[in-house]
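Notes for the one structure printed next.
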Amino acid sequence: MTDMPPNEPVGARFRDFQARLDQPDGQRKRHRGRGHDGEQLAVPAADFASYYGRPVLKPPVWKYDIAGYLFTGGLAAGGSLIGAGAQLTGRPGLRQVGRWTALGGVAASAFLLVHDLGRPDRFHHMLRVAKLTSPMSVGTWILTVFGPLAGVAAVAEIAPRLPQHGVLGLARRLAPPVGDVAALAAAATAPALATYTGVLLADTAVPAWHDGYPSLPFVFAGSALAAASGIGLIAAPAAETAPLRRLVLAAATTELVGGRQLERMGLTGEPYGHGRSGRLIRAGRVLLGVGTVGALLSRRNRILSAVSGAALVASSIATRFGVFEAGRVSARDPKYTVVPQRERRDRREGRSPAEKGT
């Protein structure tokens, strides 16, 4: 701590230490970490253990219901956009598939969310507040608005099967225009539904999610469109799926670029490339490539379209679960929290690499 010899009286040592404390900050820094001959002392960095072996951060309490919710919400949003596009371009078969995909996805999302909350009334309680600064609050309202609109648009598809006379006949005549308006309104909210979950994850303190805030919404948007396009390739008439091939290519490009950015974040991007989460991400990437190539080559081949569509849906599932697992891993391991904090501190204090760890 001081330059005084070991046999110096204790009082003198204390006076010298007090004198150093009274020095200006700039002069004190010159003494930090130096021994008797002015050499730099190498102080080993502290380990990452925490009190009682607990993580620095509390891991997410979300179960895998939420990972499924991430997938089904994106599927619903993508289906709604495809249905609206098919409506505007005169593709009734693809329109019907898109609308039913949206309704099925949002219904599954609501079930998974309520199941994770534990009690249905908790979802109702979340609607008591509308807070624009809270992604959870905004997402709850997006889901609440999108669900009924998607439901009306999908139910309108069964109108031609109703009787032509009486009250049901009136419903048969009114349902198509009402369904078209509802479908377009749902499509207007679909981009927010597809991406808000990425914002929600990034708004937490979980390192792999928080540092990925610039990329996660793009990854989720691309994944949503890929999954919904996969359903269209499986279920829609082959003659109407030409736009889906171009959409798949755009979705794959968006997702792959965003995914690469996640892996290049540095230490906090490590879980996206290693361990169980890394295997899921890689599997999703391989399936995305297979599905994209298959979609471009399928033309009107029903078997190849179905295979590529299934690969795209599986890719979206693997990606969502991989991102979810990467966040859980980064929250459990203290290094993903401690090391970036130290690096930010060193940059803020302007410390040189030789002084780090002191």
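Worth pointing out:
- Under 20 Å from the Ser137 label point (7 Å along Cα→beta-carbon), backbone N, the stretch 196-214: 196-205
- Solvent-accessible surface ranking, highest first, for Val329, Val206 at 1.4 angstrom: Val329, Val206
- Whole-Hz ³J(HN,Hα) from phi, Karplus 6.51 cos²θ - 1.76 cosθ + 1.60, for the stretch 64-80, glycine and proline x: 6, 4, 6, 4, x, 4, 4, 6, 5, x, x, 4, 4, 5, x, x, 5
- By accessible area with a 1.4 Å probe, ligands and nucleic acids excluded, highest first: order of His124, His210: His124, His210
- Here each label is just a point 7 Å from Cα along the line to Cβ, and for Ala239 and Val114 those points are 4.1 nm apart.
- Heavy-atom accessible area for Leu287, with the other protein chains in place and a 1.4 Å probe, reaches approximately 60 Å².
- Cα gyration tensor category, rounded, prolate or oblate, for the stretch 186-270 with a/c compared to 1.5: prolate
- Our summary gives the stretch 136-217 a relative contact order of 28 percent, counting only alpha carbon pairs under 8 angstrom and 6 or more residues apart.
- Its relative contact order, with pairs defined as Cα atoms under 8 Å and 6+ residues apart, puts the stretch 105-182 at 22 percent.
- Applying both filters, DSSP loop and at most 12 other Cβ atoms within 10 Å, to the trypsin sites (Lys or Arg not before Pro) of the stretch 99-139 gives Arg128, Lys131.
- Each label point was placed 7 Å from the Cα along the Cα-to-Cβ direction; for Ala130 and Gln164 their separation is 4.4 nm.
- Ranked packing of 248-259, 228-239, most packed first, by mean Cβ within 10 Å: 228-239, 248-259
- Potential lengthening of the chain between Asn301 and Gln341 amounts to 9.0 nm, from the contour at 0.36 nm per residue minus the alpha-carbon distance.
- Arg342 accessible area, assembled protein chains, probe 1.4 Å, Å²: 70
The values are calculated or read from the model by the stated rules, or taken from the named source; none is laboratory data. Note that this is a predicted model, so its numbers are computed, not measured. With ideal geometry, Cβ positions are generated from the backbone for all residues, glycine too; neighbour counts draw on all protein chains shown. Side chains included, ligands, DNA and RNA excluded: accessible areas come from the protein's heavy atoms. Shrake-Rupley method; radii C 1.70, N 1.55, O 1.52, S 1.80 Å.
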